[in-house]
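Below is one structure, written out as structure tokens, with a few remarks after it.
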Amino acid sequence: MIRVEKEGLVFYQSENLLEAGVENYFLTRSGGVSEGAFESMNLSYRVGDEPERVRKNYEKLKKVLGISEIITAHQVHGGKVLDLDREEIEPEVLRNKEADAIITRRRGIGIGVLVADCFPVILAERQKRILVVAHAGRRGVLAGVVENSVRAVQERGGDKAEIVGVVGAGICQRCYSVDEEVVKGFQDIFPDMGRGFWSRNGERYQLDLRSAVLWILKRMGILDFQIEKIGLCSCCEQEFFSHRGGRGGRQIGLAWLR
């Protein structure tokens, strides 16, 4: 994993994905024009930022990274995967389609998920040239977004052994306090997960969502060596937007096939 600063933007990249022919960018909140709680590279139109500032942020992002289109969806913390190959490339239309993952075999089209404590996940099948990005928050994980993303690759002829990927920055266990109902939800959906992904802290629990995502990938047949991790906490690290940390914008996990 490498950290890059370019024309004010700061982002992380997976060298493994680059070697596989996948441009990939895990943005921080630096380099944009938004102000206040959204300072400065906020890329969400849905959090109360001025739309014109968000538009300017996208324009700068596309210019600096050299990409003409960036596609996102309306994330609802669910398990749906949007098949971009069956859609017209109309960013404003697709931005209002509900989905928490996007899959494509098209080259040169950026697909991204917006996050601020949830985990951006990028997976690429090297031989069949299939790319999927997923927004893995607690509710989306319970709704099956990680499993559905892997299955979507397989349904297009992909081989799990040829998948490489990255789990980006997100909230760490120490910062992610949840109630007993959340833990019970994980126990109900993943009865074989065990107790290693949460710890008791008085009346509350600390949930290790990153490890849960990695565990689900491994259960789906994606082995540890196939997945890189940005081991940073979006809440602890001031360079990221964080819902729990009171930094109200959204950064993007973005990728495209060369």
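Laboratory data are not the source of any read-out in this text; all were calculated from the coordinates shown. Keep in mind it's a predicted model, so treat the numbers as computed, not measured. Here the Cβ is made from the backbone with ideal geometry for all residues, glycine too, and neighbour counts use every protein chain on show.
In the chain, one over the average inverse separation of all distinct C-alpha pairs is 18.2 Å, which is the Kirkwood hydrodynamic radius. Across CYS233, CYS118, CYS175, mean-square fluctuation computed from a Gaussian network of the chain (C-alpha pairs under 10 Å connected) peaks at CYS175.
Counted by neighbouring Cβ atoms within 10 Å, the residues THR104, THR28 run from fewest to most as THR28, THR104. The slack between ARG3 and ARG219, meaning 0.36 nm per residue of separation minus the straight C-alpha distance, is 74.8 nm. Taking a straight line from the alpha carbon of LYS6, these aspartates and glutamates sit under 18 Å away, with near neighbours fewer than eight places off in the same chain left out: GLU15, GLU23, GLU39, GLU59, GLU239. Loop-located GluC sites (Glu not before Pro) in the stretch 78-113 (DSSP state other than H, G, I, E, B) with a sparse environment of at most 16 neighbouring Cβ atoms within 10 Å: GLU87, GLU88. Under the criterion of Cα pairs below 8 Å and six or more residues apart, the relative contact order for the chain equals 24 percent.
For the chain, adding -39500 (n - 2.57) for each run of n ≥ 4 DSSP H residues and dividing by the number of residues yields -6500 deg cm²/dmol at 222 nm.
Listed by Cβ neighbour count within 10 Å, with the fewest neighbours leading, TYR12, TYR25, TYR58 appear as TYR58, TYR12, TYR25.
Each residue of the stretch 173-179 was assigned a 3J(HN,Hα) from its phi angle through the Karplus curve 6.51 cos²θ - 1.76 cosθ + 1.60 (θ = phi - 60°); the sequence is 4, 4, 8, 9, 8, 9, 8 Hz, with glycine and proline shown as x. For the stretch 101-107, backbone phi angles converted through the Karplus equation (6.51, -1.76, 1.60; θ = phi - 60°) give residue-by-residue couplings of 8, 9, 10, 7, 10, 6, 9 Hz, Gly and Pro being listed as x.
Here the Karplus relation 6.51 cos²θ - 1.76 cosθ + 1.60, evaluated at θ = phi - 60°, turns the backbone of the stretch 236-242 into coupling constants of 5, 8, 5, 6, 10, 5, 8 Hz, with x for every Gly and Pro. Build a GNM of the chain with springs between Cα atoms under 10 Å apart, and of ARG210, ARG105, ARG55 the one that fluctuates most is ARG55. Here is the short version for the chain: CYS118 have no other Cys C-beta closer than 4.7 Å. Between LYS63 and GLN238, full extension at 0.36 nm per residue minus the direct alpha carbon distance yields a gain of 60.5 nm. Amide H to amide H, with H built 1.01 Å from N, LEU232 comes under 5 Å of GLY170, counting only residues 5 or more places away or on other chains. Given the options GLY202, GLY36, GLY221, state which has the largest fluctuation in a GNM of the chain using a 10 Å cut-off (strictly under) for Cα springs. Greatest mean-square fluctuation among the candidates belongs to GLY202. Among ASP100, ASP179, ASP159, the order by Cβ neighbours within 10 angstrom, fewest to most, reads ASP179, ASP159, ASP100.
Rounded to the nearest 20, the size of the Cβ-charge dipole of the chain about its Cα centre is 220 debye, with Lys and Arg at +1 and Asp and Glu at -1.
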